[in-house]
Amino acid sequence: MLTAFSDGELTPEAKEQISLHLDACADCRHELEELNRLSKELDRLEAVEVRPYFMTRVKQRIADRQAKRAAVKVLPGWVRRTVIPVGAAALVFLTALTGSYLGRTVYRWRSSAESGSTPNHGSAGSILFDESSEGSLSRFTDQLLDGGKSE
Amino acid sequence: MTPRPQHEPDCDAGLARRVANGDEAAFEELVGKYQHSVLNTIHRYVGNHDVADDIAQEVFVILWNKAGTFKGNSKFSTWLYRIVVNQCLQFRRKRNQALVSLSDLNDENPPESLQVSDDPERRQRTYAVQKAVAELPDRQRIALVLSHFEGRPYQEIAEIMGTSVSAVESLIIRAKAILRNKLVR
């Protein structure tokens, strides 16, 4: 109640009742004093000023967002709904395929180098793929690229 | 308590309707009118001027884009401050960090951004207040900032925060109890 009193939130009647109570109650007077001191402490936090060109920066941000939205809207709806997701999925698939193929190739180079059958083609590859192994994706890549002749 | 800012809600509602129709002049008027109080509310919540500036810009971008959703059921400032509070809470969720910018507060010395005075004692005291406010739980801090610094009545804070007046009063009582223990006693 004292917090609401000090914040000016009470009706005139409630305010008067509290005032009467404060006359008779030292504890509440002490509490109210503390609230007032706290209020002064909080007022130490001074306001900051709005930085120059605030409006310009807000407008620039709005323009940037609109430009982004417009760029997406240039594409017809069916392109956004079909070509983009299918293209993204194809890109992921091709990336995985290429990575797998390269990984397997380097792994073979390293194996060949270790067995001494061919010169060491790439020490960097040997280091990078030291922990590599021939997984199912590698085999799948081979099958896809050379019809499984390498198996 | 800091003086209560004076707003004219009826005029603001008209401006908001014009903003919804793409009126840039009305938008500039609303930004000009509220930028200081919006920035300071956010600053007192996040405790960092750069972050506050960024969030304040975002608030006004939302105003531009969503002005059409303001139906006039509440005061314009209540609607705008709902955006402010949501953006502040969203920032907290994203960053999941304490405020005043946070790592700075573990230090005994005030960061540069808080060095508001040449008097070292006053500076330390201001820093202690800033730190104590920053450590309040989110909802207590928002209620306190809106009440003490923005001078918003409990009823409006309740509408902004989507809660009851008694809940707002309770948040403010708890916030002040924590601050009294840290700063006054």
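Miscellaneous remarks
- Top-ranked residue of segment B:137-177 - restricted to ones that are outside any helix (DSSP H, G or I) and over 18 Å from A:LYS40 (Cβ atoms), ranked as nearest to the other protein chains (Cβ to nearest Cβ): B:PRO153
- Applying the criterion of being part of a helix (DSSP H, G or I) and aromatic (Phe, Trp, Tyr) to the residues of segment B:46-90, the residue that is most open to solvent (accessible area, probe 1.4 Å) is B:TRP64.
- Qualifying residue in segment A:24-36 (condition: touching a Leu at 6+ places or on another chain (Cβ under 8 Å), open to solvent by less than 50 Å² (accessible area, probe 1.4 Å) and outside any helix (DSSP H, G or I)): no
- Among the candidates A:ALA4, A:ALA63, A:ALA90, A:ALA14, the residue that is at pLDDT 90 or above and facing chain B (nearest Cβ under 9 Å) is uniquely A:ALA4.
- When each of A:LEU45, A:LEU10, A:LEU75, A:LEU97 is tested for being in contact with a Ser or Thr (Cβ under 8 Å, 6 or more places away or on another chain) and not in a helix (DSSP H, G or I), the lone residue that passes is A:LEU45.
- Qualifying residue in segment B:99-115 (condition: open to solvent by 50 Å² or more (accessible area, probe 1.4 Å), at pLDDT below 95, more than 23 Å from B:ALA56 (Cα to Cα) and assigned to a helix (DSSP H, G or I)): yes
- Tabulated pairs, segment A:31-44, first at the interface with chain B (Cβ under 9 Å from one of its Cβ atoms), second open to solvent by 30 Å² or more (accessible area, probe 1.4 Å) and assigned to a helix (DSSP H, G or I), C-beta under 8 angstrom, 6+ apart or interchain: A:LEU35/A:SER6; A:SER39/A:SER6; A:GLU41/B:ARG125; A:ARG44/B:ARG122; A:ARG44/B:ARG125
- Matching residues, segment B:16-71, being more than 22 Å from B:GLU135 (Cβ to Cβ) and among the polar types (S, T, N, Q): B:ASN21, B:GLN35, B:SER37, B:GLN57, B:ASN65, B:THR69
- Scan of segment B:152-178 for residues that are among the basic types (Lys, Arg) and over 15 Å from the mean Cα position of the chain (by Cα), ordered by number: B:ARG174, B:LYS176
- Unique residue being open to solvent by 50 Å² or more (accessible area, probe 1.4 Å), modelled with pLDDT of 85 or more and among the charged types (D, E, K, R) when the list is A:ARG57, A:ARG69: A:ARG57
- A:VAL83 being loosely packed, with under 10 Cβ neighbours inside 10 Å and out of contact with any Cys (no Cβ under 7 Å at 6 or more places or on another chain): no
- Subset tally (residues that are open to solvent by 10 Å² or more (accessible area, probe 1.4 Å), facing another protein chain (nearest Cβ under 7 Å) and under 17 Å from A:VAL48 (Cβ atoms)) for segment B:25-45: 4
The values are calculated or read from the model by the stated rules, or taken from the named source; none is laboratory data. Please read all numbers here as calculations on a predicted model, not as lab measurements. In this analysis, Cβ positions are derived from the backbone assuming ideal geometry, glycine residues included, and neighbour counts consider all displayed protein chains. Only protein heavy atoms, including side chains, enter the accessible area calculation; ligands, DNA and RNA are left aside. Shrake-Rupley method; radii C 1.70, N 1.55, O 1.52, S 1.80 Å.
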